[in-house]
Amino acid sequence: DPLTPLVGTTPDGGDGVGLVARLRYQQTKVDSSLPSSIPVDAEIVSIVHDQQEITRAWLAENGAPGAKPRYLFLARFKNRHGDRPYPAGTLNSLLGRLTEALDIRDSVGNPVRISKTHQFRH
């Protein structure tokens, strides 16, 4: 479970007001003794829970009911036990297609090219 409730909140997101949890993520570029995480609100908590349900259902349909995957987004092929993440290259390609389809532009009207998760975060 990548979510850690903040003090004074409930794991399900509480009343939906303010930041309610920290979302842990895999950091590959910075070496730190602290786990990488960001504060999130109840909407993100709900999205993570929905994705976890989708993942559990997918694993059950593909021969691994009850498996506890390490990743929130799983590779779709050759991943019966859910131990491989969704490929970064595929995600980056989809982000690029999304920004083109939505015609996202910067403050002066230039198309914004989001082809990496770091750019997407900003």
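The values are calculated or read from the model by the stated rules, or taken from the named source; none is laboratory data. From a predicted model like this one, the values you see are computed outputs, not experimental measurements. All Cβ positions, glycine included, derive from the backbone under ideal geometry; neighbour counts span all protein chains shown. The area values use the complete protein model at the heavy-atom level, side chains included, leaving out ligands, DNA and RNA. Shrake-Rupley method; radii C 1.70, N 1.55, O 1.52, S 1.80 Å.
Points worth noting:
- Test: residue in the stretch 69-85 that is in contact with a Phe, Trp or Tyr (Cβ under 7 Å, 6 or more places away or on another chain), modelled with pLDDT of 85 or more and outside any loop (DSSP other than H, G, I, E, B): yes
- Enumeration of residues in the stretch 31-45 that are charged (D, E, K, R) and loosely packed, with under 15 Cβ neighbours inside 10 Å: ASP31, GLU43
- Residues in the stretch 95-116 that are out of contact with any helix residue (DSSP H, G or I) (no Cβ under 9 Å at 6 or more places or on another chain), open to solvent by less than 70 Å² (accessible area, probe 1.4 Å) and part of a helix (DSSP H, G or I): GLY96 only.
- The stretch 4-30 - residue that is modelled with pLDDT under 85 and of a type in the set (Val, Ile, Thr) and, of those, most open to solvent (accessible area, probe 1.4 Å): VAL7
- First in the stretch 28-46 and farther than 13 Å from GLY18 by Cα, second anywhere and among the hydrophobic types (A, V, I, L, M, F, W, C) and assigned to a strand (DSSP E or B), Cβ under 8 Å, 6 or more apart: SER37/LEU23; ILE38/LEU23
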